[in-house]
Amino acid sequence: MIGKKFLLAVTGPAVLVGALALSAGTALAATASLTASVNGANEVGGGDPTATGTVAVTVNTTSGQVCATVKSDIAGAVAMHIHQGAAGVNGPVVVPLDATKINGAASCATATVALAGQIAANPAGFYFNIHTPAFPGGAIRGQLAARVASVAAGSGGQAGTNNGGINPIVVLLIVAGAGTIGAATWRLARH
């Protein structure tokens, strides 16, 4: 028969590790980091042939907040948006953003939690574009894609700034919990 001490020693730490793993999964799922390279050739019907740029987008699937940091050489931007639509297809605006923030601070807007979840789950089904008076239908455009952590050349082997939302404290707690289970099992095996 299994004693109460054995059950407590094994199940207590196991429950803790399970709870920590669940909270880590929730933390990881809360924010999606996306990116896009934007240019005129990506616009349906053609856009500005010389303007280019990049956009980094964060989507919080818990709050619905969508933020975009845009770097571009575009001149005279009057609007920028995230649209729903696959590559080569125009679609409706789903997240309007502030074009005055180009080459500055992030522009943030609140979408519904459902829409934020759709963007995070299927970024290729959405695109980012910037409009100008000369190109009112869109001057530059790029499909969203998941941003992946990378090791930058010449960075001394340090990973890029995006850690995919992994909280190092949660990882340490999970490892500590797993160590506690191993230690408890080892102690019980000795008795």
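Looking at this structure, is residue 66 under 18 Å from residue 145 (Cα atoms), within 15 Å of the chain's Cα centre (by Cα), modelled with pLDDT of 95 or more and not in a helix (DSSP H, G or I)? Answer is yes for this residue.
The residues listed here are 56, 36; of these, the one that is touching a Leu at 6+ places or on another chain (Cβ under 6 Å) and either at pLDDT 60 or above or over 28 Å from residue 111 (Cα atoms) (or both) is 36. Once the stretch 77-92 is narrowed to residues that are of a type outside the set (Gly, Ala, Ser) and surrounded by 13 or more Cβ atoms within 10 Å (Cβ to Cβ), the residue that is farthest from residue 55 (Cα to Cα) is 90. Residue pairs whose Cβ atoms lie under 7 Å apart, separated by 6 or more positions or on different chains, with the first residue in the stretch 41-52 and more than 11 Å from residue 132 (Cβ to Cβ) and the second part of a helix (DSSP H, G or I) and among the small types (Gly, Ala, Ser), are 46/40; 49/40.
The values are calculated or read from the model by the stated rules, or taken from the named source; none is laboratory data. Fair warning: this is a prediction, and the values are worked out from it, not measured in the lab. Note: ideal-geometry Cβ built from the backbone for every residue, glycine included; neighbour counts use all protein chains shown.
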